[in-house]
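The values are calculated or read from the model by the stated rules, or taken from the named source; none is laboratory data. Quantities reported herein were computed from a predicted structural model and do not represent experimental measurements. Note that we place each Cβ from the backbone using ideal geometry, even for glycine, and neighbour counts take in every protein chain shown.
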Amino acid sequence: MSKFSCQNITKNYGNKVALTSFTSEVPDNVVIGLIGDNGAGKSTLLKVLGKVHHPSSGTYHCNGETVYHSDLDQLYDWMSPKLTETMYQDLYRDFEIEKFRELVELLKIPQNAGSGMSKGQRARLRLASSLARNVDMYLLDEPLSGIDALSREKLLEAIRSRKQPGKTIILSTHEVRDAQDVVDHLWILKSGELMMNEAKKKISIIDQMKEIYGD
């Protein structure tokens with residue numbers, strides 16, 4: 001049995017239905033591309049899987065640890081890589097210092113404080129902090145959004161470095177062309193419903209989206 005599975009998960013916000021009857025086991029050792037247009041339910045699903053939000057109905061089996069990486073820039077301006085390392089080491093028992101340092105080097109993150117970093121550099125530091133935690137599932141909400149091409153390439157390289165047996169990465173993104181080579185499996189949502197749940201085909205993700213959304 002998968003460490004994580006959903007059975008008929010529905011999430012409502014008042015009268016608005018954000019997610020409808022989502023059912024799936026979460027495969028191991030894959031990068032899942034969570035794809036859909038705005039309002040499709042991607043962020044809601046990630047928050048349910050990360051236990052940030054409770055489902056309105058349905059069953060979520062969670063037998064592992066998760067990290068929810070928000071699409072919001074929650075990096076304090078005083079946070080340099082060194083201070084981030086110290087803080088995360090104190091906050092999280094699963095934080096791996098050597099992995100964090102490896103990611104800081106891989107992502108070429110400067111040692112100055114966040115206030116002196118570009119948007120892309122801040123995004124790299126935030127992602128390094130999340131990926132340095134040794135958990136079973138990484139829930140990445142639009143980590144590539146609004147980031148320059150070079151930073152996106154570095155972020156995808158870091159995501160790829162965390163793929164290994166016993167771990168699952170779910171990558172929510174609109175940057176489907178950039179994610180093409182890192183994604184193994186697709187969840188395509190439309191209006192809160194899971195419309196596609198299968199291994200990525202040899203055709204492009206955009207072409208697979210067209211099967212759901214039309215041209």
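Each residue in the range 102-148 was checked for being of a type in the set (Ser, Thr, Tyr), assigned to a loop (DSSP other than H, G, I, E, B) and without any contact (Cβ under 8 Å) to a residue 60 or more places away in the chain, and 1 pass. Residues of the range 4-41 that are at pLDDT 95 or above and among the charged types (D, E, K, R): 11 alone. Within this structure, residue 135 fails the test of being more than 12 Å from residue 35 (Cα to Cα), of a type in the set (Val, Ile, Thr) and in contact with a Leu (Cβ under 8 Å, 6 or more places away or on another chain). On the stretch given as the range 71-101, residues that are farther than 26 Å from residue 34 by Cβ, part of a helix (DSSP H, G or I) and of a type in the set (D, E, K, R) total 5. Among the residues of the range 1-40, those identified as surrounded by 21 or more Cβ atoms within 10 Å (Cβ to Cβ) and over 28 Å from residue 157 (Cβ atoms) are 6, 9, 11, 18, 19, 22.
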